[in-house]
Structure formats: C-alpha cells, structure tokens
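Structure record follows, encoded as structure tokens.
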Amino acid sequence: MDALDRVLKPKTKRAKRFLEKREPKLNENIKNAMLIKGGNANATVTQVLRDVYALKKPYGVLYKKKNITRPFEDQTSLEFFSKKSDCSLFMFGSHNKKRPNNLVIGRMYDYHVLDMIELGIEKFVSLKDIKNSKCPEGTKPLLIFAGDDFDVTEDYRRLKNLLIDFFRGPTVSNVRLAGLEYVLHFTALNGKVYFRSYKLLLKKSGCRTPRIELEEMGPSLDLVLRRTHLASDDLYKLSMKMPKALKPKKRKNISQDTFGTTFGKIHMQKQDLSKLQTRKMKGLKKRPAENIIEDQEKKSKRIKNN
C-alpha cells in the first residue's frame, strides 16, 4: 500500500484539517498545477516552466529538482506527485535528441492520468526578455482561441479544453472591467499552436467605455502537436459528471439560452375577440341599423336551435 494511503484517522487537529481539505466536496477547490522538470531538461524548457509558474501563481507548485520519468511510458511518478501535492493539473518538461524542447501538459482524475498531450517548442520568448510591466500575481486571465482546428479536429478540441482547464484560474460570478488585466491568446494555424500573452491597457476614449490596447507581456511560444494520450469517451463523461445537488432544478415552461436570458411560456385559454374591449371611437360606434340586423340574426339562430 502507498504511504499516502495509510492515514486512516488523524491524531492532531492540523492533520484533521489537512484531510478535510482533501475530502470530496460539492464545490471543489481551485485546481492546482504542478510543473515538473525531466532528468534531461535544458535551459529553454526550464525557463518555460518558470514562466508558466509565474502565470499560475499562487495555484501552482514548481519542482526544481530533476525527475527521471517518461509520462507516456510510466505514469506512477506523476500520480505520486499529484497525490502528494494535491494537484490535478501537470506540465512536464524534457529534452532529448528525438524530441527536443518537449512539453507534456495533462490533468488527473481521482489521482490517475485522465489525458495528456505532448507539445514541441519551436520558438520561445521569455517573460524577462520583454521589458515592460507585468500583471500582478493571481490575476484571472482572459482566454481567446482562434482557428478552425480547435472546433474541427478532435485532438485540437481536447487540447483547447485542456488549456482552458489549465489557465482558467478561480471561478468567479462577476468580473469588473478593471479586473481584466491580461489576455492569453491561442491560435491554431497550419499544424501549429501560437501562444501569446498580452497585457490590457485601458486608455481614455472620450466616452464611458475605455479604449483597449494590447501590449505583449510574454511568454511567447510557437508549439507543434506531437503525441496524445486521450481518455475514452466513457471515462471523459464520468469525469465531467455533475453531482445531483448542484444540478439546477427544472422549472416548468421556463428555459434559458447560452447567454443566461430567461424565457417563459404562458398557456392561455381561447379568447372571444368579439367581446374584446377596444378603444371607444365615434367612427367605430355601431349604427342603429346594424344593431337591428344583429338582433334579427340572434333571434333566427335561437329559433333554429329550438
């Protein structure tokens, strides 16, 4: 049995709080990411991991020591680190002759690897190479995806979902305009993924809505898709399952669209438009001759019914 699985009953209050924090919850904790350096990682891969950690702070753990492991061949060490640091996201960097400047990004489900995608770094510009102001720690980014491949190809569609999961940050109900401080832009074009990071600058526009300018902040990466390890459809649906307590109760004849607008259906009885009260106008007033004709028609109907 694993050493991390042997704790059955906490002996101190600190251990009790630690275990309660890791217990399953209806509203789960913010997903943390661990950034692991492989046994033969070079300076480029190491700097990429540091820059991604700077974007992920404080929801990340950076392992500075080298770890000799191959995620696509043996996943036990990743699962061990995930359970130890309570991280459900990971990024692994390595470098060798066959796959130079290699990144593996993935996520866990129940401390087991759910899916992971291998990316190759073709071009890299670090945070420290771009000399300008950076965003503060813990800022929630604005994610933008451009390119048809993210909606057409299955590998790119799963990569988009994985990148959203990795960089989304804490879940919030409302976002104010001044709180949008930087943008992460992903472009899929000609078999490559271009990752850019921009800082949002709010300028005066002469009206209430400010004029927005983008200033490149770094890091900047040109990535190419390599190997993939995707979860089966059944396991993927199981990992996305929502508890019954969090599911919204269905309300009869009320629905919502994707933008949150509420629509309702009203069922009414059949109306007699002849008794409908309209605006009284002299031009619409019936003449005495018309009233006599209506009375004669009503009498004739009664006689026929009798």
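The values are calculated or read from the model by the stated rules, or taken from the named source; none is laboratory data. All figures in this text were calculated on a predicted structure; none of them were measured in a lab. FYI the Cβ positions are ideal-geometry reconstructions off the backbone, even for glycines, and counts take in every protein chain you see. Each accessible area value is taken on the protein alone, full model and side chains, heavy atoms only, with ligands, DNA and RNA left out. Shrake-Rupley method; radii C 1.70, N 1.55, O 1.52, S 1.80 Å.
Here are a few things to note about the model shown:
- Charging the Cβ of each Asp and Glu at -1 and of each Lys and Arg at +1, and nothing else, the dipole of the chain about its Cα centre rounds to 2040 debye.
- The residues of region 8-102 expose, per residue, 63 Å² of accessible area to a 1.4 Å probe.
- Selected from Cys207, Cys135, Cys87 as most flexible by GNM, with the chain as the system and alpha-carbon contacts under 10 Å: Cys207
- Between the helical axis of 288-305 and the longest alpha-carbon principal axis of the chain there is an angle of about 80 degrees.
- Gain on full extension, evaluated as 0.36 nm per residue between Glu122 and Asp233 minus their Cα-Cα distance, stands at 36.8 nm.
- Potential lengthening between Thr187 and Asp110 on full extension [0.36 nm per residue; Cα-Cα distance subtracted]: 24.6 nm
- Expressed to the nearest 5 percent, the antiparallel share of DSSP beta bridges inside region 1-138 is 60 percent.
- Karplus-derived 3J(HN,Hα), 6.51/-1.76/1.60, for each residue of region 200-208, Hz, glycine and proline x: 8, 10, 8, 10, 6, 10, x, 9, 5
- Cα centroids of region 204-273 and region 59-120: 29 Å apart.
- Positive contributions from Lys and Arg (+1) and negative ones from Asp and Glu (-1), summed over other residues with Cβ under 12 Å from the Cβ of Gly39, come out at +4.
- Distance between the pseudo-spin-label points of Arg168 and Thr262 (7 Å out from Cα toward the beta carbon): 2.4 nm.
- Calculated diffusion of the chain, Stokes-Einstein form, Kirkwood radius summed over Cα pairs, 25 °C and 0.890 mPa s, µm²/s: 100 µm²/s
- Solvent-accessible surface of region 154-306, taken per residue with a 1.4 Å probe and all protein chains present: 84 Å².
- P(r) histogram, all alpha-carbon pairs of region 67-154 included - 5 Å bins from 0, percent: 3, 10, 16, 17, 18, 19, 14, 4, 0
- Ranked order, Asp295, Asp233 - accessible area, probe 1.4 Å, largest first: Asp233, Asp295
- Each residue of region 228-238 was assigned a 3J(HN,Hα) from its phi angle through the Karplus expression (A = 6.51, B = -1.76, C = 1.60, θ = phi - 60°), giving 9, 9, 9, 6, 5, 4, 5, 5, 5, 5, 5 Hz with x at Gly and Pro.
- Taking the C-alpha atoms only, the angle from helix 154-167 to the longest principal axis of the chain is near 80 degrees.
- Gain upon complete extension [Arg208, Glu294; 0.36 nm per residue less C-alpha separation]: 24.6 nm
- Carbon/sulfur fraction of accessible area - the chain, other protein chains in place, 1.4 Å, %: 52 percent
- Counted over the chain, the DSSP beta bridges are approximately 75% antiparallel.
- Neighbourhood net charge (14 Å Cβ-Cβ; Lys/Arg +1, Asp/Glu -1) for Lys131: 0
- The local environment of Ser255, defined by Cβ-Cβ distances under 14 Å, has a net charge of +4 under the rule Lys, Arg +1 and Asp, Glu -1.
- Along the chain, longest interval not containing exposed GluC sites (Glu not before Pro), exposed being DSSP loop plus at most 15 other Cβ atoms within 10 Å: 138-306
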